[in-house]
Amino acid sequence: MTRRTAELRLDALLRIAADVIVDRGFARTRTADVAAAAGVSPSLVYYHFPSKDAMLTQAFAYVAEQDLAQMQQVVDSSAKPVEKLAKLLKNLAPTGRSKSWAIWIDGWSEAMRVPELEKVSRRMDLRWKEALTEVIAAGAADGSFACDDPAGAAWRINALVDGLAVQMTVHAKVLSQRQAAEWVRLAAAREVGVTPAALA
């Protein structure tokens with residue numbers, strides 16, 4: 001097997017593993033389930049992953065990295081801090097049942113029992129908070145925002161987003177996406193000292 005072929009197969013397996021996890025949950029996903037969904041032998045799955053926990057952790061990281069890549073594009077853009085924060089809030093907004101939120105939420109739960117997954121999920125989650133902190137701090141520095149505690153503001157905004165996402169993912173239709181986005185925008189505006197309309 002060439003290196004390129006192995007990479008392509010790994011990428012495909014991670015996508016399939018993520019789909020199986022969304023369907024079955026971290027706790028109920030077996031290596032055999034992923035192999036069956038991919039139409040390959042379990043031995044090929046074990047070629048890439050030394051254990052079930054390693055497979056689950058890498059599948060979580062695969063989905064999370066896609067979300068984080070979108071975030072990083074915003075942070076690295078030439079947009080002003082207000083525009084960056086508005087875009088990040090849009091990207092972070094709870095959307096109800098989605099592959100991404102299902103993986104994050106179930107991953108956090110499973111991370112309480114799987115040290116490898118806890119380490120990766122913590123690192124990925126901190127990157128969200130660090131990105132928000134960076135944008136808020138830049139806005140505070142150039143006068144766009146009035147915020148003495150960018151890191152605290154980032155954590156509080158993220159906590160609201162995470163809490164709403166759990167509710168909307170677990171309890172379908174308990175809250176509309178529009179209402180959730182409005183609450184997040186209102187809270188973020190208060191944290192950074194701008195009007196909610198500025199973050200629309």
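None of the figures in this text is laboratory data; all of them are computed from the coordinates on show. Being a predicted model, the structure only gives us computed values, none of them experimental. Cβ sites come from the backbone with ideal geometry, for glycine too, and all protein chains shown count toward neighbours.
The C-alpha atoms of the range 99-145 occupy a region whose extents along the principal axes are 44, 21, 10 Å, arranged from largest to smallest. For the chain, the alpha carbon convex hull comes to 119 Å³ per residue, rounded to a whole number. Rounded to the nearest 20 debye, the dipole magnitude of the chain is 480 debye, with +1 charges on Lys and Arg beta carbons, -1 on Asp and Glu beta carbons, and the Cα centre as origin. Measuring nothing but alpha carbons in the range 97-176 and taking Rh as the Kirkwood radius, the Rg to Rh ratio lands at 1.06. Projecting the Cα atoms of ALA189, ALA111, SER41 onto the charge dipole of the chain, computed from C-beta unit charges around the Cα centre, puts SER41 farthest toward the positive end.
A dipole drawn for the chain from +1 and -1 charges on Cβ atoms has a positive end, and of LEU89, LEU126, ILE16 the residue lying farthest that way is ILE16. When each full DSSP H helix of the chain is screened for a Cα extent of at least 20 Å along its own axis and an average Kyte-Doolittle hydropathy of at least -1.0, the helices passing are 3-24, 52-76, 115-142, 150-170, 177-192.
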